[in-house]
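Accompanying notes for the structure given below.
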Amino acid sequence: MAHDVDPAEIMVFLPALCRKKGIPFCFIKSKARLGKLCHTKTATCVALTDVKKEDLTDFDTLQKTFMSQFNDNTDLKRK
C-alpha cells in the first residue's frame, strides 16, 4: 500500500482487514514507487496473487519480514 494516497479514507480499512485475515502487508513510500512495480505511473495498492517457483524463497522472506514489521507490530496498530 502506498502511504500517500489521497483521500486516506480509501485505504484506511486495509491494514485491519489484512491483520484479521492473516495477510502480510507493507507500506511503500510513494504511489510512484509502487507504480514502478506494476509498470504504471502510479498505484495505490498491489496484491500479489501468483509467484514464480524461482521467486518463492524471496517471497517467503518478504512475507516473514512484513508480518513482523507491520502485522504483528503493536505500536503500528495503535497509530
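Throughout, read-outs are computed from the coordinates displayed, never taken from laboratory work. Remember, predicted model here, so these are calculated numbers, not experimental data. Cβ sites come from the backbone with ideal geometry, for glycine too, and all protein chains shown count toward neighbours.
Panel order for C18, C45, by other beta carbons found within 10 Å of each beta carbon, from fewest to most: C45, C18. Summing +1 for each Lys or Arg and -1 for each Asp or Glu, what net charge is found among the other residues whose Cβ lies under 12 Å from the Cβ of L34? Here the charged neighbours net out to +4. Here the translational diffusion coefficient of the range 8-78 follows from Stokes-Einstein with Rh set to the Kirkwood radius across Cα pairs; for 37 °C and 0.692 mPa s it amounts to 245 µm²/s. What does the net charge come to around P24 if you take all other residues with beta carbon closer than 11 Å to its beta carbon, with K and R at +1 and D and E at -1? Net charge around P24: +1.
For the range 11-71, a simple Cβ point-charge model (Lys and Arg +1, Asp and Glu -1, everything else neutral) yields a dipole of about 320 debye relative to the Cα centre. Each Cα pair under 8 Å and six or more residues apart adds its sequence gap; the mean of these over the residue count of the range 15-75 is a relative contact order of 40 percent. By other beta-carbon atoms within 10 Å, ranking K31, K64 with the fewest at the front produces K64, K31.
By the count of neighbouring beta-carbon atoms within 10 Å, fewest first, I28, I23, I10 end up ordered I10, I23, I28. Distant-in-sequence amide contacts of I28, defined by a placed amide H-H separation under 5 Å and a gap of 5 or more residues or a different chain, comprise A2, H3.
For the chain, chymotrypsin sites (Phe, Trp or Tyr not before Pro) meeting the loop criterion (DSSP other than H, G, I, E, B) and having at most 11 other Cβ atoms within 10 Å: F13.
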